[in-house]
Amino acid sequence: MSKHVTHWVGGGAHEGPAERTGDIYNPASGQVTGTVDFAGPKEVGAAVAAAKEAFPGWRDTSLSKRVQTLFRFRELLRANSDRLAAIVSSEHGKVFSDAQGEVARGLEVVDFACGIPHLLKGGYSENVSTGVDSYSILQPIGVVSGITPFNFPAMVPMWMFPVAIACGNTFLLKPSEKDPSAAVLLAELWAEAGLPDGVFNVVHGDRVAVDAILEHPDVAAVSFVGSTPIARYIYRTAAEHGKRVQALGGAKNHMVVLPDADLDLAADSAVSAGFGSAGERCMAISAVAVVDSVADDLLERIRERVSRLRVGPGDDDRSEMGPLVTREHRDKVASYLESGVREGATLAIDGRVHPVLGGASDGFWLGPSVLDHVGPQMSCYREEIFGPVLSVVRVGDYDEAVKLINDNPYGNGTAIFTNDGGAARRFQNEIEVGMVGINVPIPVPMAYYSFGGWKQSLFGDSHAHGTEGVHFYTRTKAVTARWTDPGKRPEGGVDLGFPTNG
C-alpha cells in the first residue's frame, strides 16, 4: 500500500495540497512505497508561526511540568521503539537490529533531557556591593530548528529536540526527505504525551524548505548534521541571517592499528565499524592506518570475517547489513572502487559480487568492500565515501599514523588499537580529532557528554547534546538587584560618577 507523508504543524497533520512531492523507496527492493510532501516558504512559515505562538506558554511552563511531559514522551517512545525501528528499516534500508540500536541511542538523550532542571540552575552572589545581589539565569532562546540527515532519521533528531524542548524552546524539524516517516511518528508521540500544540513541528522537503528555515527571521537557532559542504553552507547562510548555528559536517575516521594490538579485536572492530549500517554513518571507520609489519595479517582476518557477513533486506532476521539508501548513492559509492584501482590501490574485497540473501533483486545493494595500499592522494582516501568501503593505508610507525590523521582536513572521530598504555595516552593527547577511542572503534560519547568533531567536521562553537547542547539552546541573563531596607534609606543623591562596587 502506498503511503502519503505530510507535515506536522501546530499539533496535527498539515492539510492542503502540496505543490511538489517526492518518492519514498524501499531500498531493499528499489520500489516506490509512498510519497512525501515538499514544503515551500508558505508551509515553513506556517510551522514557524505555530512554534512562535506556542513559545511564550511553553517558556513559562514550570520546569516540573516540562519534565513530566518529557517523561511521558520517554515512556511512549520506549513502548513504540520497535515500531519506530521498523519504520527506519523500511525507508532507510538498515537491518532491524541496527535500527533498534539507533532508537536506543536516541533514547539516551531523552533520558538525559529528563534531568534538565539540574543543568538549568543559575548562579547567585549575595552582597556584591552594599545591599546589592547579582545572579544569572538561563532562558530559552525561542523557535529553534533541526535539519537532519537520512542515515539516522530517529537518532539524530533526538540529539536535538529533547534538549531544546526541555530547555523551554519550541522546535521545527526538517528531516531528510528520503526517510521522513520516523519524524511524523515522533510528533504523534509528543502529542500523545501532552506536549502543547506548536511546540514540536515537522516540515519535509529539499533545499527550498532548508533555505526558508535559514532565512526566516523568527527562527533563532539552527542545528544541522550532514556533509561538510552542506554544513558550511548552513553555517554561513544561517549566521548571515543572525542565527545561532551548530553545523556538524562530514568525516574521514581513521583506526590506527599498532603492531602490539590484539589483531582479532582490531579485525572485529574494523568490520563492525566499517560496514555497520552499510557504512552510512559519520562515525564509521573508513580508513585503517595499520603499521605495515602486521598489515597482511590484519587484512587476512578482515577478509575472513567479511566472507561470513550476511547482506540482505532489513526485515530478514538473518541480515547483518542492508542496502544503501538510494540507487544514486549506491552507484557513487561503488565508483570509488573503480577510481581507487585506477589511482593505484588494490581491490582486496569487491562488494559488488557479495551475495545477497534472497537475491539482489532491484535493491540498492553493495557488499562490504576493501581497498588496500591506499595513498593519501587518492580520491577514495580524500573524500567522504559514506558507504561500505574500507581503505587500508599502510604506515611505517605510530608517528606516521598520527601525521596522516592530523594532516586530514576532517576531525570527527578516530581510534587506536594497542596494548601499550603509554602509546594510547600519547595518542589521545596529540591527535587533532574531537572524539577518540582507545580499543573502541566508534567512540560516540554518552548523552551526558557532547558529540562533535574538530576542523572541517564542525562549523560553529557548540557540539550536540550534553552540557554543550544545553548551552546552545539557552542564553544567560545577568540580574543585579537592590532591595531597600525600609529602616535604612541609603545616603546620598544623584551621582554621575562611574559605578563601582563597595
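The values are calculated or read from the model by the stated rules, or taken from the named source; none is laboratory data. Everything numeric here is computed off the predicted structure, so don't read it as measured data. Quick reminder, even Gly has a Cβ in these numbers, built from the backbone with ideal geometry, and neighbours come from all protein chains shown. For the accessible areas, the whole protein counts, side chains as well, though only heavy atoms, and no ligand, DNA or RNA atoms are used. Shrake-Rupley method; radii C 1.70, N 1.55, O 1.52, S 1.80 Å.
Descriptive notes on the structure:
- All Cα-Cα separations within the range 47-99 were binned at 5 Å from zero, giving a P(r) of 4, 18, 13, 12, 15, 15, 13, 8, 1, each value a whole percent of the pairs.
- Theoretical FRET efficiency, 1/(1+(r/R0)^6), r = Cβ-Cβ of Arg310 and Asp264, R0 22 Å, to 0.05: 0.65
- Between Glu53 and Asp23, full extension at 0.36 nm per residue minus the direct alpha carbon distance yields a gain of 7.6 nm.
- Point-to-point label distance, Asn406-Asn429, nm (Cα→Cβ direction, 7 Å offset): 1.2 nm
- Among beta bridges that DSSP assigns inside the chain, antiparallel share in %, nearest 5: 40 percent
- Only Lys, Arg, Asp and Glu carry charge here, each on its Cβ (+1 for the first two, -1 for the last two); on that basis the range 253-438 has a dipole of about 360 debye about its Cα centre.
- With a simple spin-label model that places each label point 7 Å from the Cα along the Cα-to-Cβ direction, the separation between Glu192 and Val440 comes to 3.3 nm.
- Ordered from largest to smallest accessible area (heavy atoms of protein chains, 1.4 Å probe), the residues Asp495, Asp211 come out as Asp495, Asp211.
- Estimated dipole of the chain in Debye, rounded to 20 [Cβ of Lys and Arg +1, of Asp and Glu -1, Cα centre]: 1120 debye
- Mean residue ellipticity (222 nm) of the chain, computed from DSSP H runs ≥ 4 via -39,500 (n - 2.57), nearest 500: -11500 deg cm²/dmol
- Remark on Ala289: its backbone amide H falls under 5 Å from those of Met255, Val256, Val257, Val393, a criterion applied only to residues 5 or more positions apart or on other chains, H modelled at 1.01 Å from N.
- In a fully extended conformation the segment linking Glu240 and Arg318 would gain 23.1 nm over its present Cα-Cα distance, using 0.36 nm per residue.
- Simple spin-label estimate for Glu126 and Arg72 in nanometres, 7 Å along Cα-Cβ: 3.9 nm
- Computed E for Glu215/Glu15 - FRET, C-beta separation, R0 22 angstrom, nearest 0.05: 0.30
- Each 10 Å bin from zero holds the following percent of Cα-Cα pairs in the range 348-502: 8, 23, 23, 16, 10, 7, 6, 5, 2, 0.
- Exposed loop positions in the chain were taken to be GluC sites (Glu not before Pro) whose DSSP state is not H, G, I, E or B and which have at most 12 other beta-carbon atoms within 10 angstrom. Between these positions, the longest stretch is 20-490.
- Estimated at the nearest 10 Å², the accessible area of Trp159 is 20 Å² with a 1.4 Å probe.
- Antiparallel %, DSSP beta bridges [both residues in the range 253-438], to 5: 10 percent
- Each 5 Å bin from 0 upward holds the following percent of the Cα-Cα pairs of the range 29-158: 2, 8, 12, 14, 16, 16, 13, 7, 4, 3, 2, 1, 1, 0, 0.
- These residues, Lys65, Lys252, Lys477, go from largest to smallest accessible area, 1.4 Å probe, as Lys65, Lys477, Lys252.
- Computed with a 1.4 Å probe over protein heavy atoms only, the accessible area of Cys282 comes to about 20 Å².
- Cubic angstrom per residue, convex hull over Cα atoms of the range 253-438: 107 Å³
- Rounded if a/c under 1.5, otherwise prolate or oblate - the chain, Cα gyration tensor axes: oblate
- If the chain linking Tyr448 and Arg382 were pulled fully straight, counting 0.36 nm for each residue of separation and taking away their Cα-Cα distance, it would gain 20.5 nm.
- Helices meeting the span-like rule in the chain (full DSSP H runs, Cα extent of at least 27 Å along the helix axis, mean Kyte-Doolittle score of 0.0 or higher) are absent.
- Computed from point charges on the beta carbon alone (+1 for Lys and Arg, -1 for Asp and Glu), the dipole magnitude for the range 70-199 about its Cα centre is near 80 Debye.
- Within the range 335-457, percent of DSSP bridges classed antiparallel, to nearest 5: 40 percent
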